[in-house]
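*Asks:* Here it is, the structure in full.
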Amino acid sequence: MSYVPNENTDTHNTRLAMVAKYTHNAIVITDPEGLVEWVNDGFTRITGYILEEVIGKTPGSVLQGPESDPKVIEQIRQALKFEKSFDVELINYTKGGYPYWIRIEGVPLRDSNGRLTGFMAIESDVTSRKQYEDMLIRAKKAAEAANEAKIQFLNNISHELRTPLNGILGLGTLLKSTTLDSEQNDYISDILS
């Protein structure tokens with residue numbers, strides 16, 4: 001999928017500019033080589049960078065860091081190389097160095113002749129969702145560990161109880177084979193049953 005503009009009217013352009021300005025998402029427009037030409041206010045809110053700090057650079061060279069997944073970065077590179085759309089999630093870093101999760105939906109931009117004129121990325125901060133997912137994964141692992149500990153405890157207790165009980169039953173059987181009065185015989189029968 002790619003975006004090809006129609007004959008734009010001033011009204012159409014004004015509306016698009018308003019959408020870009022007021023959305024909470026970051027919007028990045030690059031040239032065909034992937035170098036930043038324009039970013040909206042949402043980009044500045046999320047990253048801390050203003051246009052003058054990123055213009056002429058690739059978004060990845062500014063935003064990616066040590067925890068950014070190399071496989072996802074390669075997926076983005078391949079999509080750009082072959083002028084394809086992409087939809088990925090990646091850890092990026094703010095100007096202050098803080099990591100955040102971002103969902104990036106990238107599309108090639110083409111002129112009315114189908115020639116590539118650049119790329120547009122719409123980026124949504126998904127940090128809260130990712131933190132919630134991580135919390136659920138940790139809770140699930142903790143529950144599984146607790147369940148495993150419970151099973152191990154019950155297995156140990158079962159073994160610890162079985163051994164002395166088998167000894168008592170064995171001794172009871174031996175005791176029953178001896179001479180007992182009727183009251184003692186009833187007690188041994190109760191123990192063995």
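*Asks:* Determine, yes or no, whether Ile188 is touching a Lys or Arg at 6+ places or on another chain (Cβ under 6 Å) and either open to solvent by 70 Å² or more (accessible area, probe 1.4 Å) or part of a helix (DSSP H, G or I) (or both).
*Replies:* On the way: touching a Lys or Arg at 6+ places or on another chain (Cβ under 6 Å): yes; either open to solvent by 70 Å² or more (accessible area, probe 1.4 Å) or part of a helix (DSSP H, G or I) (or both): yes.
Spelling it out, Ile188 is indeed touching a Lys or Arg at 6+ places or on another chain (Cβ under 6 Å) and either open to solvent by 70 Å² or more (accessible area, probe 1.4 Å) or part of a helix (DSSP H, G or I) (or both).
Listed here are the residues, each with its yes/no results for (1) surrounded by 14 or more Cβ atoms within 10 Å (Cβ to Cβ); (2) modelled with pLDDT under 95; (3) in contact with a strand residue (DSSP E or B) (Cβ under 6 Å, 6 or more places away or on another chain).
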{"residue": "Asp41", "(1), (2), (3)": "yes, yes, no"}
{"residue": "Pro66", "(1), (2), (3)": "no, no, no"}
{"residue": "Val72", "(1), (2), (3)": "yes, no, yes"}
{"residue": "Lys95", "(1), (2), (3)": "yes, no, no"}
{"residue": "Gly106", "(1), (2), (3)": "yes, no, yes"}
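*Asks:* Same structure, new question: Given the conditions (1) surrounded by fewer than 18 Cβ atoms within 10 Å (Cβ to Cβ); (2) of a type outside the set (Phe, Trp, Tyr); (3) closer than 14 Å to Gly118 by Cβ, report the number of the one that Glu89 does not fulfil.
*Replies:* Status for Glu89: all satisfied but (3).
*Asks:* I'd like to know if the range 158-172 contains one or more residues that are touching a Leu at 6+ places or on another chain (Cβ under 7 Å) and modelled with pLDDT under 90.
*Replies:* For the range 158-172, residues touching a Leu at 6+ places or on another chain (Cβ under 7 Å) and modelled with pLDDT under 90: present.
*Asks:* Right, next: Of the residues Ser128, Ser112, which is in contact (Cβ under 8 Å) with a residue 24 or more places away in the chain, open to solvent by 60 Å² or more (accessible area, probe 1.4 Å) and polar (S, T, N, Q)?
*Replies:* Ser112
*Asks:* Moving on. Which numbered condition trips up Thr44, out of (1) more than 18 Å from Lys130 (Cα to Cα); (2) within 18 Å of the chain's Cα centre (by Cα); (3) polar (S, T, N, Q)?
*Replies:* With respect to (1) more than 18 Å from Lys130 (Cα to Cα); (2) within 18 Å of the chain's Cα centre (by Cα); (3) polar (S, T, N, Q), Thr44 is out only on (2).
The values are calculated or read from the model by the stated rules, or taken from the named source; none is laboratory data. Keep in mind that what you see is a predicted model, and the values were worked out from it rather than measured. FYI the Cβ positions are ideal-geometry reconstructions off the backbone, even for glycines, and counts take in every protein chain you see. Areas reflect the complete protein model, heavy atoms only, side chains present, ligands, DNA and RNA absent. Shrake-Rupley method; radii C 1.70, N 1.55, O 1.52, S 1.80 Å.
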